[in-house]
1. With respect to VAL837, is the statement that it is over 30 Å from ALA609 (Cβ atoms), of a type in the set (A, V, I, L, M, F, W, C) and open to solvent by less than 30 Å² (accessible area, probe 1.4 Å) true?
2. Which of the helices (runs of 4 or more DSSP H) found entirely inside segment 616-700 contain at least 1 residues meeting this: touching a Ser or Thr at 6+ places or on another chain (Cβ under 9 Å) and among the basic types (Lys, Arg)?
3. Could you run through segment 50-66 and say how many residues are in a helix (DSSP H, G or I) and either over 41 Å from the mean Cα position of the chain (by Cα) or surrounded by fewer than 17 Cβ atoms within 10 Å (Cβ to Cβ) (or both)?
4. When you check GLY610 against the structure, is it in a loop (DSSP other than H, G, I, E, B) and more than 23 Å from THR560 (Cβ to Cβ), yes or no?
5. In segment 26-61, how many residues are touching a His at 6+ places or on another chain (Cβ under 9 Å) and among the hydroxyl-bearing types (Ser, Thr, Tyr)?
6. Does at least one position in segment 876-890 carry a residue that is open to solvent by 30 Å² or more (accessible area, probe 1.4 Å), in contact (Cβ under 8 Å) with a residue 60 or more places away in the chain, part of a helix (DSSP H, G or I) and not polar (S, T, N, Q)?
7. Of the residues THR380, THR392, which is at pLDDT 80 or above, buried (at least 16 other Cβ atoms within 10 Å of the Cβ) and part of a helix (DSSP H, G or I)?
8. What number of residues within segment 854-875 are surrounded by 18 or more Cβ atoms within 10 Å (Cβ to Cβ) and not hydrophobic (A, V, I, L, M, F, W, C)?
Amino acid sequence: MSKPALQSDEHGVALQSEYVVPEGVEAAGFQISADELASIVESRDTEKLAVHGQLDGTADKLATSLTDGINTAEYSLNQRRDIYGVNKFTESEARSLWEFVWEALQDTTLIILIACALVSFVVGIATEGWPKGAHDGIGIFTSIFLVVSVTATSNYQQSLQFRDLDKEKRKIFVQVTRSSLRQKMLIDDLLPGDVVHLAVGDQVPADGLFISGYSVLINESSLTGESEPVVVNEDNPFLLSGTKVLDGSCKMLVTAVGMRTQWGKLMAAITESGDDETPLQVKLNGVANIIGNIGLFFALLTFVVLSRGLVAQKYFDGLLFSWSGDDVLEILQHFAVAVTIIVVAVPEGLPLAVTLSLAFAMKKMMNDKALVRQLAACETMGSATVICSDKTGTLTTNRMSVVKACICGNTLEVNNRLAPSNFSSKLPEAALEILLETIFNNTTGEVVINQDGHRQILGTPTEVALLDFASLIGEGFEEKQQQTKIIKVEPFNSTKKRMSIVLELPGGGCRAHCKGASEVVLAACNKFIDARGSIVALDNTTTNKLNDIIETFSKEALRTLCLAYQEMDDGFSIDEQIPLQGYTCIGIVGIKDPVRPGIRQSVATCQSAGIDVRMITGDNINTAKAIARECGILTEDGLAIEGAEFREKNPKELLELIPKMQVLARSSPLDKHILVKHLRTTFNEVVAVTGDGTNDAPALREADIGLAMGISGTEVAKESADVVILDDNFSTIVTVAKWGRSVYVNIQKFVQFQLTVNVVALLVNFCSACFTGDAPLTAVQLLWVNMIMDTLGALALATEPPDDNLMKKAPVGRAGKFITKVMWRNILGQSIFQIAVMWYLQTQGKHLFGLEGSDADTVLNTIIFNTFVFCQVFNEISSRDMEEIDVLKGLPDNSIFMGILAGTIIFQFIIVQFLGDFADTMPLTQLQWLVSVLFGLLGMPIAAAIKLIHVEPREEGN
């Protein structure tokens, strides 16, 4: 055990440490326990931090180095895990299959049916003996068992899928130094003692202490609810897990992970799940309630009509209070039929179809590099009418390289094959020195040795391009940084559009360096370095020449940056602001960011689908125009405008401007937010927005669908988004739109199919009860039909993959009705056909098949039931497309659909031929089977003919 240590605080007052190191911790080679370490940051206890020797002492007790990180030997890592735990949160236990079975059994109508089955079972055995009297009860029980099993299994599978998707959301990477090597690591793998590198937009992955950094602002609102950002520095070194870096960059020592962090304790009280209802589910629940009420009305009427004969007979015979077992069974059968009509009428499959379709689409979109964070985003994306896209990394590859440079007034081509000495020889020595100094120091990038022992440049693509260029023309990244000391940093942000630093020079004095948007930085210069390396005044002629170079570079689709510096002979106080004017221009670099392959085709696909694509970028307007033309976004009649001009427009001018506007250049996050808000409210558009920066969060939240970039995007942007585009590719956004439309259309197909079955089942049983006093479809048969319609129908139609035709139609938009005129046409047409077939069989069936004898009614009812089922089988195929005649296209490739059709037909055959005692059926002859199938098959050409009837297209968005 270590003895209590005597420490001194900054005032020289002795602080007596009462802390005693636990034996297990000491034996593992550490001098501080996990709980003690966690309490320092959680309670922001500066006294306790002082007791443990401040930052350096804490690092020593953690057996780590503030520069090199922890030892990566497996034994050492395992010991650290055992003592301090891992950076994972305790997950709520997955619900078991039995819980879903129990949930499915809570359905009121199923409970009533179970009661019916029990009474039928008991009364049947009492009157007719075993086993004949038990057939009806066992039949209903079996049907209920099937319905519950399929529903519970389906819901259980979806819950597992949602858990997998929740785990995907947790896959956040951070930069860590371990054993002197910089590496990318999952936050789950972090351990106390790790040295983590944080930058703007990152989520703090664990609790820790500030080591070093510049201008760090932290948003702690997720933990404290306070919106005011917190400054983190040596005086306030506490960083809390789950908070966001708003500004600056720093290194952090991890002190607590997982459930010991404040965020972990908060997460323990909150469980994430995919159970929230989406807008479409809410809308469909309303539809289901209306249909259910209609079903309840018809069920009561059917029960009254079926039972009136028996009750009237009893009344006339004076036996109203004398009931035999057969009488009770008959009434019970009528009640079971009525309850089952309710089961069929209530479309509980609607919410299931939405969940199935969304879960299926989410899984497929994961394979297509899109992580859906919000379920509702799937269906909303199908309605999108406008996509506001970033340029860098989304339309372009984000693999940048310097291809042209204008240094000391000379424009030079740059390529990697050019000998560095060749390029350097064209520059005056003083100019080369200052160029390397500004690039190597005024950067958020780093040159490090990676795990493979190779030199690697880390940072944003722009920083990597600049550092790569500087490394090409002159070595000495570390030497340049060691020669000077950075005393102040003002990081780049989208408002200032520049990054500035102040260096303390070895010989005394200070020097400021500035880089950023060419027009902004050049406007801050009053001198430049000429071809001889002399510093001369920047006159109008030279300014115009440099502006022409910027324009030339921009028209070649190059992103331009201006580099400048300023001598500060009078010294510099850290409290001062870095100067905004008086700089000397070093040069202008042109950075190439190639357009992604296939982007023009993806934009064209969007435009043909009625989705407007607009580009919003912080780049120069000429660069933006060049890229937008290359992508096919900027057309001849389209407008490109700069943010400054856009901001000055009044509402009336915006009303005329926005519909024509295709490119917004030099935009600020506020411009983006205003544009999105206008599109959504004034123009009633459904807007999808892409974003990657912390400042994009307001626009991502304002949009109907926020799309964050998975590679270049910050954690703040991802947290604000509905969908994360994992490969940062615009083509993936098109795929998301296609899947979104697929979800919407698949659910429409299913609703069309289900409403047809509802209408026919209700009317056939009701009309038959009214005119013949008997219901041709029994409770067991209706339960089987209900399973075909609800669960199996949802599986078949809600999991249809998208086809290319989806992107050739106009989007649904905000005002689109869900059940469209096209759907009503198909529902009514198919319902009339099926009711006509059922009625024909009901009235002419005995004559048609020559049925006689005591079994004639049962055989006829079996034929009606069989025909009804085959009508649904072929109607399911016809429902694959609501407008196209060719519904067989792609059918053999859809294994789920084919499997469900095959399973339905096989099980129908078993029910009819072998389960007659339970399902009230009689085995049919080959001719009777053939006629049943042909009647069902006739529904397909009828459906095709119905589709030829013209209705108003697209008015509601179909």
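The values are calculated or read from the model by the stated rules, or taken from the named source; none is laboratory data. Keep in mind that this is a model prediction, so the values were computed, not measured. Neighbour counts are summed over all protein chains in view; Cβ atoms, including those assigned to glycine, are modelled from backbone coordinates with ideal geometry. Note: accessible area is taken over every heavy atom of the protein model, side chains too, but ligands, DNA and RNA are not part of it. Shrake-Rupley method; radii C 1.70, N 1.55, O 1.52, S 1.80 Å.
1. Working: over 30 Å from ALA609 (Cβ atoms): yes; of a type in the set (A, V, I, L, M, F, W, C): yes; open to solvent by less than 30 Å² (accessible area, probe 1.4 Å): yes.
Yes.
2. Counting at least 1 such residues, we get 621-631, 643-648.
3. Qualifying residue count for the region: 7.
4. yes
5. So the count comes out to 1.
6. no
7. THR380
8. Number of matching residues: 6.
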